[in-house]
Each structure stands twice: as C-alpha cells, then as structure tokens.
1. Inspect the stretch 229-252 for any residue being within 16 Å of the ligand (Cβ to nearest atom) and in a helix (DSSP H, G or I) and give the result as yes or no.
2. Just to be sure I understand, how many residues within the stretch 170-216 are among the polar types (S, T, N, Q), in a strand (DSSP E or B) and more than 12 Å from the ligand (Cβ to nearest atom)?
3. For residues that are away from the ligand (no atom under 16 Å from the Cβ), hydrophobic (A, V, I, L, M, F, W, C) and assigned to a loop (DSSP other than H, G, I, E, B), scanning just the stretch 1-42, find the one that is modelled with the lowest pLDDT.
4. Step by step: first the residues of the stretch 55-69, then only those that are more than 19 Å from Leu129 (Cβ to Cβ) and buried (at least 21 other Cβ atoms within 10 Å of the Cβ), then the one that is nearest to the ligand (Cβ to nearest atom). Which residue is that?
5. Conditions first: (1) away from the ligand (no atom under 16 Å from the Cβ); (2) surrounded by fewer than 15 Cβ atoms within 10 Å (Cβ to Cβ); (3) modelled with pLDDT of 95 or more. Asp75 passes all but one, so which condition is the exception?
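The values are calculated or read from the model by the stated rules, or taken from the named source; none is laboratory data. Source: prediction; values computed, not measured. Because the Cβ atoms are built from the backbone with ideal geometry, glycine has one as well, and the counts that use them run over all protein chains shown.
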Amino acid sequence: MLVLITETPEEGSRIAGRLVAQAIKQTPALRLGLAAGNTPIGLYQNLVDLHRTTRLDFAHVRLFSLDEFIGLPSDSPNSYHRFFHQHLLDHVNFDPAHLHLLNGQAEQDIVSYCVSYERLIRNQGGIDLQILGIGQNGHLGFNEPGSSLNSRTRRSLLSASTKYNLARAFDSESVPEWAVTMGLGAIREAQTLLLLALGAHKAEIVAKALEGPLSAFIPASSIQLHPSVVLVLDRHAAGSLNNQDYYLQQSSQVMENNHWFLEPSFMQVAQTGLPAKP
Ligand code: F6R
C-alpha cells in the first residue's frame, strides 16, 4: 500500500486530483469508479479545474458509481446521481453513453439489477481506478460493519451511525433506510484503489482500516487484501497511524522526486513499488 500524507486537506485533494488526471491522460478510455460524500468534492473540483485549464479530456472516460440511496428520486438534492452532476459531470465533457451510475429507483428486481450492474462492469473490462472514501464506522461504499469481505453488489441497510452522519446534509428530506452498493469483493476487483480521507474525525478509523486486523467489522480493512492501493491522507487523518514515519518517508520520496506524475504511472507504482531515485 502506498500512503501519501499531505500537510493540508486541500493538498490531499490536489494530489488525488492529479493522480486521477494522470490516469486519464495515460489511459483516455479509463474506467473510473466514482465515490460520493464530502471527502472527494475537492478532488472533483481539481479535476474540473484541470479540465478547464489543461483540457483534461473526459470524452472517452467510462464512469461508474459505487453506491446510491434507494428510493430517492435521481433529481433529489441528496441523491448521488445529483451529487456527481453537481460536482463533476455538469462541468466536464463526458459522454452520456459512457456514464453508468447506480440507480436507486431501478424498476427491475434489486437482485437481478445488481447482477446486471456487475455484468456491465465486467463487459466493459472492469474498473481501472476506483475512488473511495471511508465512513467513520469503517464502511466502504455502503458496506456497513458486518459486511462479508467478499460481498457482492447488493441492497444494504444503512446503519444508525451512517444515518446520523448523513442527516446533517439531508435538510428536509429524511435519510433513506437502504442503499445499493458495490460489495467489498466487487470493489476489490478494480485494478487500483484510491482512498482519500481528510480530517481528524477520520484518524481513528483510518488507523483501524490500515493497521488493524482484517475484519468484517471494519469493512474498509478489506483494502489490505488488494495488491494496488493508494491512500491519500492529510496529516490529521493520518494522525493515529503507528507506521506514520514510514508513510511520511514514502510520501517525501514520491513528492520530492515528482516522478509520481510521470512514468511509470502511479497505478503501476502502487503495484510494483516506488522506482529507485534517478
Ligand atoms: C460514498 C461512499 C461512502 C463515503 C463515506 C464517507 O459514495 O461510498 O462510503 O465515502 O460515507 O463520507 P464523507 O466523505 O462524507 O465523510
């Protein structure tokens, strides 16, 4: 696992945005998995800025989403469908034919809908890069504590703590009971995972997910099983890590040499390790 620790949340968002942009430049038809929530808003803002200033091209990028609330109309201000439009899609040149957002109002039976969503991803060749956040209770997507580490895409009952955290953003609308989420096993099929966590309120759970035992009780710990993971943390979110010194050493290697943004791609680096200093 490559853990990059930045001084500020803004720098974390900027680095994560540059990593995604680099992946798009290297693979214009990148299959990109999107996460919602407060954390990646800055990342998406950076992608929008890069689209404006450097013409970062989304025309061929294939977009998939990680989760969605069940029962919210897609135009609800709280739906993730709306979130992706507001923070990314309305500002870049994506092709609607390449957009595959989970639908929380699918007419189809939910079980067959989830099977068909996974089949769609497989038929497109799988996800190259999956953006992830982490819930304060350790959820990944909406895989709540107790989810099988090999779970598949399915309907998921939101836990009381998740509903409590979401309630702050859901002004008048009540927080749904259910979501549809890619399962932990399905998420780990992505070639590279990019997990972003910012702020002191994430410190404890980040440490459990990264350094604690692998456990269905901390669903995000399942990233420990993946061969190619990059974590971007600001120093507050990294604050409870035991191995912090080593991660800081890794971070300065990457940032000082700046070869991170050149060759080989960060997705290769995440898998094969840091190249030696030039
Ligand atoms: C959203 C998602 C969730 C969030 C998590 C953290 O698509 O999958 O797992 O990543 O709830 O949310 P924030 O970023 O709002 O703290």
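1. No, the stretch 229-252 contains no residue that is within 16 Å of the ligand (Cβ to nearest atom) and in a helix (DSSP H, G or I).
2. The qualifying residues number 2.
3. The residue in question is Met1.
4. So the residue we want is Glu68.
5. Of everything listed in (1) away from the ligand (no atom under 16 Å from the Cβ); (2) surrounded by fewer than 15 Cβ atoms within 10 Å (Cβ to Cβ); (3) modelled with pLDDT of 95 or more, Asp75 misses just condition (3).
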